[in-house]
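All remarks here apply to the structure that follows.
What follows draws every value from the coordinates through simple rules; no lab data is involved. Just so you know, these numbers come straight off a predicted model, no measurement behind them. In this analysis, Cβ positions are derived from the backbone assuming ideal geometry, glycine residues included, and neighbour counts consider all displayed protein chains.
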Amino acid sequence: MKTLTFFAISLAGIAILAAPAAAQLGRRGGSDRFAQADSNGDGVVTREEFKTSRSARFKQMDRNGDGAVSRDDFGRILKFRPEAGQRLDDMLAEADANHDGSLTRAELDHAPMPLFDRADTNGDSRVDAQERAAAKELTDNLRAKAKR
Ligand SMILES: [Ca+2]
Ligand SMILES: [Ca+2]
Ligand SMILES: [Ca+2]
């Protein structure tokens with residue numbers, strides 16, 4: 001009975017992770033980050049919106065609520081969902097300033113936003129539909145090249 005309960009809990013954990021992961025699956029780490037960040041749906045993502053969305057993702061990933069995102073938050077889930085581990089690695093690579101494998105909120109708040117900066121080609125701290133499309137094309141091209 002005990003193992004069954006544990007299994008149920010694991011499944012629940014996976015389901016929680018699966019929802020955002022599924023939303024990201026189409027274009028992992030690419031333009032969907034902007035779609036998610038566009039909280040007022042006007043097609044333009046401001047730096048603030050992007051930052052807020054990243055912070056929400058942090059909250060979601062800090063599953064044990066200790067104020068930092070690390071492998072501790074995922075534990076055995078990484079075995080079942082390698083893409084969750086990929087997302088974790090991406091986030092750490094982007095923002096873990098002291099490279100200790102644990103991303104604190106302070107680190108996140110001061111982390112650069114290379115994805116945003118690359119997309120914001122005219123540097124007005126807003127990524128509009130056109131810039132988003134261009135960024136997407138660039139990502140798609142890179143991906144196509146990588147496949148060759
Ligand atoms: Ca944590
Ligand atoms: Ca750190
Ligand atoms: Ca812009």
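Brief remarks follow.
- For the peptides 37-43, 99-105, the ranking by mean Cβ contacts within 10 Å, running from highest to lowest, is 99-105, 37-43.
- The range 39-61 residues near the modelled LEU138 label - backbone nitrogen below 15 Å, point 7 Å along Cα→Cβ: none
- Cα-based shape type of the range 86-148, given that a ≥ b ≥ c are square roots of the gyration tensor eigenvalues and the cut on a/c is 1.5: oblate
- R0 of 35 Å, Cβ-Cβ distance HIS110-LYS79: FRET efficiency to nearest 0.05: 0.65
- Residue-wise HN-Hα couplings along the range 133-148, as the Karplus relation 6.51 cos²θ - 1.76 cosθ + 1.60 with θ = phi - 60° gives them from phi, are 4, 5, 5, 5, 4, 4, 4, 4, 4, 4, 5, 4, 5, 4, 6, 5 Hz; Gly and Pro carry x.
- Here the Karplus curve 6.51 cos²θ - 1.76 cosθ + 1.60, taken at θ = phi - 60°, turns the phi angles of the range 113-119 into couplings of 10, x, 4, 5, 4, 5, 6 Hz, with x standing for Gly and Pro.
- HIS99-GLN86 pseudo-label distance in nm [points 7 Å out on the Cα-to-Cβ vector]: 2.4 nm
- Set of the range 124-145 residues, backbone N closer than 20 Å to the point 7 Å along the Cα-Cβ line of VAL44: 124-136
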